[in-house]
Amino acid sequence: MIEPIEFARCFIEAFDKGPAQVFYRWLATKPATTKWIIAADFALRDRSRPGDCFAFTIIPYDLYPEDFANEVRLNLPKDLKESKTLDATGAAWLRDPRHFHIMIPMQQDRMFYNNGATMKAREVIRESLALTMAKLIKLERGSDQIRKFKATIQKSKANSFNVGLFTDLTLLALYLAIVTLILCRAQKAEMISWFCDRDSMISYCDGIVWDYAIENYFGIAEALNIDRPLIAPGIAVPDRSSGMEVMWYDHYIRAPDWLAGAMAAWDRGSNVLPGEQDKYLRLIEDVVADSDNTLIIPVYLDDGGLRISRVEISRQTTEEGLKNETILPAS
C-alpha cells in the first residue's frame, strides 16, 4: 500500500513535470478569483468499458447557482448517458476557458491496498483502518468520526466486503485533496467547495469518504508545506428537506460526467471508441483535442507500484493514433 502522503507527493511531482504549465497558464487568466468549486464525477467498474476514469472540473465561483444552472440548461442540458451526440454548442461550453478539467484514467484491476504476496487486500484494508482510527483517537477527533471507522472495520471483516468500492473511495478522497491543493499551491484561495456525483462511494458508511478526504487535505498540505485556506472545503450534499433526495447541484457535475464517461469508453491502447454513437468521438475530437483547459493524467496502480503519465491529444493525427502518452517520472 502506498501511503497517502507519498501518493500525493508522487502525483504532484509528476504533475510538475509538464501538466502544471498548462494549468498555470489557465490560472493566470483568473488572478482575482479566490472562490472555487471542484466538481467531480466518475466512470468506474463497468466491465463493458476498457477502463475507468475520475474526472474533476475546477470552476471559478463567478455565477450565482441559478445562473450557472440556466447556462448548463442552454448549452449541455443532458448528461452523457441520456445523449446520443455532442453538438457544437455543448462542445463549445465544455471548452469554455472559464473552467479547467483534469481527467485521471485508471485500469480496472488497480491495486491500491497491496502488500506484496504476504497479505490479501482486505487484510491490508483492515490494518490500514485500525491504524487510521488509532491516529484519529490520538488527535482527539469527534466521536462521530470514530464511530464511522469502527463500523467500517466491522464491515471489512465480512466475506461480502467490497474491496473494489473501498479502493475507489480511498482514491477519490486522495484525488479531491490533491486537486484542491494543486490549486491552493498556485493561487491563494478564500473558499473551496466539493461537488461530487452521489454514488455508492459517497454514501458508504455514512460518508466516510469525506473523513478521508478532509484528513488528506490537512495532512498532505502540512507534509508538503502547501498554503491553504484555514477552513476545510465545503461539501455539497443532496437536499432532503422534502423527504426525497434532490441533487440540486447536478448541473455543476455535468462537465465531469461527460469527460469521465468518454475517457472510460476509450480504449487508448488500440485507439478505439464505441462506434454506436458519435458522442464519444465528438467529445475527444471537439473538446479534448488541442485543448488549453484540459489535462489527461493516467495513473496505473499494480503490484509493481505507481506509474503516472500524461496523454496529449491533437486533431492533427495519422491513422496510427490520436494521442501521445508520456511517462511522468516521480521519485
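No value in this document is a laboratory result; all are computed from the given coordinates. Just so it is clear, the model here is predicted, and its values are computed rather than measured. Cβ atoms come from the backbone with ideal geometry, glycine included; neighbour counts cover every protein chain shown.
A straight Cα-to-Cα reach below 16 Å connects LYS279 with the aspartates and glutamates ASP79, GLU82, ASP87, ASP257, ASP267, residues fewer than 8 places away in its own chain not being considered. Sorted on the mean count of surrounding Cβ atoms within 10 Å across their residues, most packed first, peptides 168-174, 263-269 read 168-174, 263-269. Looking at segment 148-301, the pairs of alpha carbons with a distance over 21 Å make up 59% of the total.
Which whole number in µm²/s is D for segment 21-81 by Stokes-Einstein, with the Kirkwood Rh taken over Cα pairs at 10 °C and 1.306 mPa s?
111
For LYS30, the lysines whose Cα falls under 19 Å of its own Cα, not counting residues fewer than eight places away in the same chain, are LYS188.
Using the average count of surrounding beta-carbon atoms within 10 Å as a protection proxy, the listed peptides 82-90, 252-260 rank, highest first, as 252-260, 82-90. Take the Kirkwood radius over Cα pairs of segment 124-232, plug it into Stokes-Einstein at 4 °C and 1.567 mPa s, and you get 88 µm²/s for translational diffusion.
One chain, two ends: TRP248 and ALA151. Fully extended at 0.36 nm per residue, the span grows by 32.0 nm beyond their Cα-Cα distance. Per the Debye formula on identical point scatterers at the alpha carbon atoms of segment 208-264, with no solvent, log10 I(q)/I(0) at q = 0.24, 0.28 Å⁻¹ is -0.98, -1.02.
The value obtained for segment 139-199, namely the Cα convex hull volume divided by the number of residues, is 132 Å³ per residue.
Peptides 139-145, 40-46 ranked from most to least packed give 40-46, 139-145, packing being the mean of other C-beta atoms within 10 angstrom over each peptide's residues. For the chain, a Gaussian network of Cα nodes joined below 10 Å ranks TYR280, TYR300, TYR64 by mean-square fluctuation, and the top entry is TYR64. Taking all Cα pairs closer than 8 Å and separated by 6 or more residues, the relative contact order of segment 96-244 comes to 22 percent.
According to the Cα-based calculation, Rg over Rh for segment 57-216 is 1.03, with Rh computed by the Kirkwood formula.
Overall size of segment 167-224 from C-alpha positions, given as principal axis extents largest first: 32, 22, 15 Å. The modelled label-to-label distance between ASP302 and LEU63, using points 7 Å beyond Cα along the C-beta direction, is 4.2 nm.
For the chain, what is the mean residue ellipticity at 222 nm derived from helices alone (per DSSP H run of n ≥ 4: -39500 (n - 2.57); sum divided by total residues; nearest 500 deg cm²/dmol)?
It comes out at -12500 deg cm²/dmol, rounded to the nearest 500.
Contact order, relative form, for the chain: 30 percent (alpha carbon pairs under 8 Å, 6 or more residues apart, mean separation divided by residue count).
Cα extents for segment 101-166 along the principal axes, largest to smallest and rounded to whole angstrom: 37, 37, 22. Hydrodynamic radius of segment 8-121 by the Kirkwood approach over all distinct alpha-carbon pairs: 17.2 Å. Distance distribution note for the chain: the fraction of Cα pairs above 37 angstrom is 14%. Straight-distance candidates among the lysines for linking to LYS155, with alpha-carbon spacing under 24 Å and chain neighbours fewer than 8 residues away dropped: LYS120, LYS135, LYS138. Model label sites at ASP290 and PHE218, defined 7 Å from Cα along the beta-carbon direction, differ in position by 4.8 nm.
Modelled spin labels at THR118 and ALA88, positioned 7 Å past Cα toward Cβ, are 6.2 nm from each other.
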